[in-house]
Amino acid sequence: MARYFFDLHDGTTQFDAEGVECATLDDARDVAKRLLPAVAGDELIRDGDRLTYAVLVSDEDHRPVYTASLTYTGLWLIR
């Protein structure tokens, strides 16, 4: 199994120093897809109406292999 690293970007960067072992690139993509909503979920309550999270997946040689982002935008329709 190969080790992949999942760096999270949300205005700042949180580097993944440990990584996760994945059997395939599809498995690494699935980890990234689960990571984004898990991280964003708690932050939505605290951080307002505009948030973007991105994850950059890199292989063991720190070459980027996949990226994904999740954006939330809320807009009041009445005041």
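A DSSP coil position with no more than 14 other Cβ atoms inside 10 Å describes the following GluC sites (Glu not before Pro) in segment 1-74: GLU18, GLU60. Placing +1 on the Cβ of every Lys and Arg and -1 on the Cβ of every Asp and Glu, with no other charges, gives the chain a dipole of roughly 440 debye about its Cα centre. Note on the chain: dipole from Cβ charges, positive end direction compared against GLY48, LEU25, PHE15; the farthest Cα belongs to GLY48.
Scanning the chain for chymotrypsin sites (Phe, Trp or Tyr not before Pro) lying in DSSP loops with no more than 15 further Cβ atoms inside 10 Å, the longest uninterrupted stretch between such sites is 16-75. Scaling against 2.2 N^0.38 Å puts the C-alpha radius of gyration of segment 2-73 at 1.11. Extension gain for the segment SER69 to ARG50, taken as residue separation times 0.36 nm less the Cα-Cα distance, is 5.5 nm to one decimal.
Laboratory data are not the source of any read-out in this text; all were calculated from the coordinates shown. Model, not experiment: these values are computed from the prediction. All Cβ positions, even for glycine, are placed from backbone atoms using ideal geometry, and neighbour counts span all protein chains on display.
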